[in-house]
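To start, the structure itself, in structure tokens.
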Protein chains: 2
Amino acid sequence: MEATADPLKLKYLGIDTLNEHVVYMLKDCHICLSEGFESLNRVLVTVNSYSIIATLNIIKEGILKEGEASLSECAWHNLKVKEGDKIYFSHLPLVNSMHAVRSKMYRKSLSENDFQSILKDIVDEKYSNIEVAAFVTACAGDNLNESEIISLTKAMINVGQKLNWNKELVLDKHCVGGLPGNRTTPIVVAIVAAAGYTIPKTSSRAITSPAGTADTIETMTPVNLSIEQIKEVIKKENGCFVWGGNVKLSPADDIIIRIERALDVDSEGQMIASVLSKKIAAGSTHVVIDIPVGKTAKVRTEQDAEKLKYYFKVVGRAVGLKVKVLITDGSQPIGRGIGPALEAMDVLSVLRNEANAPQDLKERALQIAGAVIDLAVNSTKGKGEIIAREILESGKALTKFMAICQAQGGFTEPTYAKYKYEVRATSIGIVTEIDNRRIAKLAKLAGAPKDHAAGILLNTMVNAKVGKDDLLFTIYTHHNGILNYALEYLKAEKNIITIQ
Amino acid sequence: MEATADPLKLKYLGIDTLNEHVVYMLKDCHICLSEGFESLNRVLVTVNSYSIIATLNIIKEGILKEGEASLSECAWHNLKVKEGDKIYFSHLPLVNSMHAVRSKMYRKSLSENDFQSILKDIVDEKYSNIEVAAFVTACAGDNLNESEIISLTKAMINVGQKLNWNKELVLDKHCVGGLPGNRTTPIVVAIVAAAGYTIPKTSSRAITSPAGTADTIETMTPVNLSIEQIKEVIKKENGCFVWGGNVKLSPADDIIIRIERALDVDSEGQMIASVLSKKIAAGSTHVVIDIPVGKTAKVRTEQDAEKLKYYFKVVGRAVGLKVKVLITDGSQPIGRGIGPALEAMDVLSVLRNEANAPQDLKERALQIAGAVIDLAVNSTKGKGEIIAREILESGKALTKFMAICQAQGGFTEPTYAKYKYEVRATSIGIVTEIDNRRIAKLAKLAGAPKDHAAGILLNTMVNAKVGKDDLLFTIYTHHNGILNYALEYLKAEKNIITIQ
């Protein structure tokens, strides 16, 4: 630190910039003048002897008075400050590990140490968002080689925490780029746990989709469990299905993924590192990775899927994780519901062995559960699926599912939303396509995932015959006003379901 | 646009985020809830039928009341809004040209159309800072090939404006990575204009240095001229030396350079495109590019300089600009002053042919002015320098300089700052090194460039003999308090000047 001046006093403004530390100062304050600070400068701020790096936003007048400064929500909380605390400022050198990011721009291969320093600095919030964007971009596409992906994965593991179950076998599953409605997780967890294996499953919430697995499960049982609570559930029932965001096992990955999403950038290497580091962090030893391949799926060709499969296995081996990869059919949605409660009803219908349960969801869940069991006991292919089917069809999976829900805080039956609107065929023909993107959008306009019970219930599928006025799908909403939004969209967008 | 809801009312907060459009909304406002907006989302906001894309920052409580929203300074001004205006929100698709940025991450070569769309979207403020960072990173280092650099340069020219002088010969000069004190520009402009050629020179202000050329000239004459005023000056005197930032000839470049600086990323291609597009925009036809090579200069090896030279010539030819490149000695500072007024005194001393004028500055200025004249008349090498020397030494350059200053608004003699502090040698020996980075830092701590008269006056140079107590340099400041800062730094940093 150098040339510190008189401090300013903190005033609370409550501006949420998500993960970025932002400091707000008046344009004409003596510190901006004497230090030559400008908007977007990165400065070192110190309060009560603790320091963080923050991005400067300069305020012209009004909400701050002379002698005052403020911090964005995350900086305010990370520094544990209160109004009136004195805040000191100084210039800061560039973050050291950005050297490695810059050399990556020149296509130099990075070492494990490089990745370790970069991820440490990212977790310590030393990177501005544009610096994270530069890292993400430099590593995007297929710019990371095999050894770099391994190094990145190890670095991600090192900067996070790791759960320890003191068991030799801890099972897990992961689906790369989920299909709409494809909620196999609660069924797979119930089957595998009922078979006597440990499967501490964490899932995500929806970001841009109408429902994440955690949102779906939350319509039946609490998912915001602490690590201690998760340990209790596993001790009792072998399995759980909770929200991963509550435990923050891979903090670097959380920051990187946010920028990747904002840029809509895919990175093979970062995706593999992200998935496998989270599995290691969750304490898993054996993982089945499901890669659905199809026109509307994340992975579009068999060739891409094979490449991913190779990397998952090689990197898994390097970090001590046994990985089995399934390449599955991703050509159309699985199940009927789109939206948390409607998807949960599909799940319960399969677990309860109801006659009209969606068979595609049942078979996909059995395939994955079977692969998990095969991987665990190193059995021949197919044996696991036989075990899984017996557990599901005998009702043992349902019993285990209900027991896990009880352990997580109780079971609630999901319910339909108050209002519904039926969309019917205007002509006779064959369903040739269901536009997943637009049907998902419609479900979101109906209120999913925030309104758990809102969404779409499909009543047809690709290749089905429909007659005039046959029911194609039902829109469920909580408010008539919201239903109007959805109907407006429906009117504007022709051919969400194509009938020929 | 889709699913617009009831509007919010604008409240002024005055938060300056530099060039990024930010919209501030309350966390629990009905729009965030119904649209599922989160911090950092990019949203389309519409006020009085005009729309911009903005990054969302969510405010928890306090500075906004229910039903209110606010915009950052640049968004507020670009939309020309006032308090109480109704602001509408909607989701927006990803910016289309980001497709091209993503394909660049996969090392695909971009077309002129690709660059055109990207730069158009950047100028229209459609890119968030992290998206600009992704573009900068994908094109950083030597990731652009020759045809891409040409396309980028053409696109930069197309998205900006272009001055037209209706003359066949419009001359210009540019220095790549200036050395401390190297203020040849006002001398070169005076000589070339006195020789009868048109030279409408725009310069930049200091960003991280103790003085930019525009700051130095401003201690003698106004530099904030409008395009109309520049045209008047050129009509009268053939030459001008004004601040380029006032005319915004290359708006895309301004945004890109800001992010490059924040990332400390160099890009050969972007630098060439930036320099040449600005010359074309200024209406120049013939340009001399000076590339100083040295340990403390921007370009460090002869080989790098040769590569740059090649690209400058090839790209220049492609956009119809005649380019001559000088590779010069960049091993030490040029002139004695560091800080606007002190550098201006060096310039005047050379123009006035004073006996103790810094000879290194004089010779460098003659070398460049000579090359500009040679380029203009296509004369043999050396002839231009003879003409230049005659113009300078006869006093014609001084007369022209004063005439240009009068045309720009009048001449003022630069003055020394009130306080000074002399730093003397503590031992006898030879000066082996002057740390340019730290001497520049000291000049900044003394108040340069904001205090025009503040800075450092060097009284020695590399290879000079010094006796004990000989004067090494003088620090000039406006306030005793600021002098104390500088002295504290001086005490902490040994060997800013090394004597052996």
J(HN,Hα) series, the stretch B:315-328, from Karplus relation 6.51 cos²θ - 1.76 cosθ + 1.60, nearest Hz, glycine and proline x: 5, x, 4, 5, 9, x, 10, 8, 10, 10, 10, 9, 9, 10
Alpha-carbon centroid distance for the pair the stretch B:312-374 / the stretch A:343-396, whole angstrom: 79
Relative contact order, percent, the stretch B:419-499 [alpha-carbon distance under 8 Å, six or more residues apart]: 46
Helix-only [θ]222 nm of chain A, DSSP H runs n ≥ 4, -39500 (n - 2.57) each, per residue, nearest 500: -12500 deg cm²/dmol
Spin-label pair B:T399/A:S204, simplified geometry with 7 Å Cα→Cβ offset, distance in nm: 7.4
Over chain A, relative contact order from alpha-carbon pairs under 8 Å, at least 6 apart, %: 14
Protection proxy ranking of B:192-201, A:21-30 - average other beta-carbon atoms within 10 Å, highest first: B:192-201, A:21-30
Inter-copy separations for B:N166, label at 7 Å along Cα-Cβ, nm, ascending: 9.1
Interchain or long-range residues, amide H under 5 Å from A:K173's placed H: A:V288
Segments B:243-249, A:440-446 sorted - mean Cβ within 10 Å per residue, highest first: A:440-446, B:243-249
Distance (nanometres) between label positions extended 7 Å along Cα→Cβ at A:K494 and A:E146: 5.2
Karplus-derived HN-Hα couplings along the stretch A:133-145 (A = 6.51, B = -1.76, C = 1.60, θ = phi - 60°), whole Hz, x at Gly and Pro: 4, 5, 4, 4, 5, 5, 9, 6, x, 10, 6, 9, 8
q = 0.14, 0.15 Å⁻¹, the stretch B:14-148: log10 I(q)/I(0) [Debye, one scatterer per Cα]: -0.68, -0.76
Dipole magnitude of chain B about its Cα centre (Cβ charges: Lys, Arg +1; Asp, Glu -1), debye to nearest 20: 1000
Whichever lysines have a C-alpha closer than 16 Å to that of A:K450, once near sequence neighbours (fewer than 8 apart) are set aside: A:K418, A:K441, B:K27
Charge tally in the Cβ shell below 10 Å around A:A75, where Lys, Arg are +1 and Asp, Glu are -1, A:A75 excluded: -3
Shielding by partners, peptide B:15-24 (average Cβ within 10 angstrom, other chains): 5
Selection from A:S379, A:M402, A:L152, by position along the positive dipole direction of the protein assembly as shown (Cβ): A:S379
Per-residue mean of C-beta atoms belonging to partner chains within 10 Å, peptide A:261-273: 3
For the stretch B:414-423, 3J(HN,Hα) per residue [Karplus equation, 6.51 cos²θ - 1.76 cosθ + 1.60, θ = phi - 60°, Hz, x = Gly/Pro]: x, 10, 6, 6, 5, 9, 9, 9, 9, 10
Tensor-based shape of the protein assembly as shown (alpha-carbon gyration tensor, a/c under 1.5 rounded, otherwise prolate or oblate): prolate
Fraction in percent of alpha-carbon pairs per bin - 5 Å, the stretch B:98-158: 4, 20, 33, 29, 12, 1
Inter-copy spacing of A:K120 label points, which lie 7 Å from Cα along Cα→Cβ, given in nm from shortest upward: 4.7
Estimated FRET transfer efficiency (A:Q161, A:D304; beta-carbon r; R0 45 Å; 0.05): 0.90
About the Cα centre, charge dipole magnitude for the protein assembly as shown (Lys/Arg +1, Asp/Glu -1 at Cβ), debye: 900
Counted charge near A:K396, where neighbours are those whose Cβ lies closer than 12 Å (Asp, Glu -1; Lys, Arg +1): 0
Reach of B:K108 by Cα under 24 Å, taken over lysines that are not fewer than 8 positions away in the same chain: A:K104, A:K108, A:K295, A:K298, A:K307, B:K120, B:K126, B:K154, B:K307
Inter-chain shielding of A:57-69 (mean C-beta neighbours from other protein chains, 10 Å cut-off): 4
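Rule-based calculations on the coordinates, nothing more; no lab input. Just so you know, these numbers come straight off a predicted model, no measurement behind them. Here the Cβ is made from the backbone with ideal geometry for all residues, glycine too, and neighbour counts use every protein chain on show.
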